[in-house]
Amino acid sequence: MTTPQLDYRALFAVMPSPCLVLDPDLVIVEANEAYLRVTDRTRKELIGRPLFVAYPENPADPDADGVRNLQASLERVVRSKEPDTMAVQKYDIPVPGRPGVFRERWWSPVNTPVLGADGEVGWIIHRVEDMTEFVLTRPLHLRPGDPIGEHRAMEAELFARAQELQGLNEELREAHDRERRTALALQEVMLHAPDLAGHREIAVRYLPATRSLNVCGDWYDVVDLSDDRFTVAVGDVVGHGLEAAAVMGMLRSALSAAVRAIDEPGRAMDVLSRYARTFEDALATTAAKAVIDTRRRHITYTSAGHPPPLLARPDGTVVLLDEATDPPLGILTDHTVPRPQATVSYTPGDTLVLYTDGLIERRGEDIDAGLHRLADTLGRHTSLGPDRLADTLLTRLGVAEGGRDDIALIIVRL
């Protein structure tokens, strides 16, 4: 027996809750029957019209803020791709056939994104419940012992508290947005790599952990050493947020300075490790660095407790560069033994990949499984250019929109 195909348009039309469907530009593309009834409008009057043209602010109400609140909620939905539940709103609606006349209405709205195949917001479902009768019949005075009055008073108190909470939430959102903008500006300065602009063969990607301030402790760097030698590096500071980003900035700058003075990656990493011991938050940071000599066609690399770089051949063969690994920064106290470094040859068309563990690590899974998944994906897509390859790796590994941990990724087409 085959299951009959659902008619989703018919289901939407008869849903008991009033609903609108908006596109990302906030133009009305559909309305169900419940919505048309509660607003006393027809589909012809609504479909294809911008939401705030169909439902403008009531000019007779100087305190009206329904348009501002709803627009802010819808913009949050488009930006965050997450549902947004609003407190009860006063949003008067025009009376059909009477230009300039509005009817007082109170609503409880929920705005929910519908994502398209590309992962972006394709539509927004704007669902409302009409709270007008409840709000306008709140008792102003109670008779002692009146249980109905007490119940309504409790409802009214809850409504008032919901309004207060919405105001506080708006203040918190504004404060969070300010902090996020400041953090992003700080991180953009700290991650500035001026030499990267001269390397069209290099692609970088940088994704903070989801549900973070969009700042993180991972880093990448590209530094030219001479006409035929340059270096790439990635690192991972323990933690997330502004504190980790501040430590990241100091370590990245120190390693960049060290490799300019000491072009051997092992010795430069030794200098960084000594520096990391001077402040506690830098301990256990991991990093990997590779120096590419384009004249001799070889790569010299070292790793401080970091996942190994990968070298992919055009035929799909992938080599793990894991012959020069030492503990994370700041752990070793015996500096008489230099950190190891190893050298491997490459041929034109090979691809070097450096990354942080957020790309491969998954909760409840051995990290080697993620490493093998990355190597397999890389081997099957080596024909792609650096930028397309970077995006493909992120997508195939399920972190194109970010993951549980921060991610830094460098792709070098040799």
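Details
- Across the range 363-376, not a single residue is classified as touching a helix residue (DSSP H, G or I) at 6+ places or on another chain (Cβ under 8 Å) and either of a type in the set (S, T, N, Q) or within 18 Å of Val232 (Cα to Cα) (or both).
- The set of residues in the range 274-295 being surrounded by 23 or more Cβ atoms within 10 Å (Cβ to Cβ), of a type outside the set (A, V, I, L, M, F, W, C) and either farther than 21 Å from Phe230 by Cα or outside the structural domain of Ala244 (by TED's automatic domain parsing) (or both) consists of Thr285 alone.
- Close Cβ contacts (under 6 Å, 6 or more residues apart or on different chains) running from residues in the range 309-326 that are assigned by TED's automatic domain parsing to the domain that holds Arg339 and part of a loop (DSSP other than H, G, I, E, B) to residues that are β-branched (Val, Ile, Thr) and surrounded by 21 or more Cβ atoms within 10 Å (Cβ to Cβ) comprise Ala324/Thr302.
- Residues in the range 296-308 that are surrounded by 20 or more Cβ atoms within 10 Å (Cβ to Cβ) and more than 14 Å from Asp326 (Cα to Cα): 2 in all.
- The range 109-150, residues that are among the aliphatic types (A, V, I, L, M), at pLDDT 80 or above and out of contact with any helix residue (DSSP H, G or I) (no Cβ under 6 Å at 6 or more places or on another chain): Val110, Val114, Leu115, Ala117, Ile125, Val128, Met131
- The residue of the range 352-368 that is modelled with the lowest pLDDT, among those that are in contact with a strand residue (DSSP E or B) (Cβ under 6 Å, 6 or more places away or on another chain) and farther than 15 Å from Lys289 by Cα, is Gly358.
- Scan of the range 338-380 for residues that are over 18 Å from Ala203 (Cβ atoms), in a strand (DSSP E or B) and aliphatic (A, V, I, L, M), ordered by number: Ala342, Val344
- Members of the range 273-308 found to be over 31 Å from the mean Cα position of the chain (by Cα), among the hydroxyl-bearing types (Ser, Thr, Tyr) and part of a loop (DSSP other than H, G, I, E, B), listed by number: Thr278, Thr294
- Only one entry of Asp263, Asp270 meets the criterion of being out of contact with any Pro (no Cβ under 7 Å at 6 or more places or on another chain) and either in a strand (DSSP E or B) or under 29 Å from Ser345 (Cβ atoms) (or both), and that entry is Asp263.
- For the range 382-407, the set of residues classified as small (Gly, Ala, Ser), surrounded by fewer than 16 Cβ atoms within 10 Å (Cβ to Cβ) and at pLDDT 90 or above consists of Ser383, Gly385, listed by residue number.
- Verdict on Tyr355 being among the aromatic types (Phe, Trp, Tyr) and farther than 27 Å from Gly403 by Cβ: no
- One residue stands out in the range 381-414 among those that are in a loop (DSSP other than H, G, I, E, B) and among the hydrophobic types (A, V, I, L, M, F, W, C): the one that is farthest from Leu207 (Cα to Cα), namely Leu414.
- If you go through the range 6-38 and pick out every residue that is part of a strand (DSSP E or B) and either touching a residue at least 24 places away in the same chain (Cβ under 8 Å) or not charged (D, E, K, R) (or both), you end up with 8.
- Failed item, numbered, when Gly100 is tested on (1) touching a residue at least 40 places away in the same chain (Cβ under 8 Å); (2) under 17 Å from Met131 (Cβ atoms); (3) surrounded by fewer than 17 Cβ atoms within 10 Å (Cβ to Cβ): (2)
The values are calculated or read from the model by the stated rules, or taken from the named source; none is laboratory data. Treat the numbers as computed from the prediction; the structure is a model and nothing was measured. Cβ: placed from backbone, ideal geometry, glycine included. Neighbour counts: every protein chain shown.
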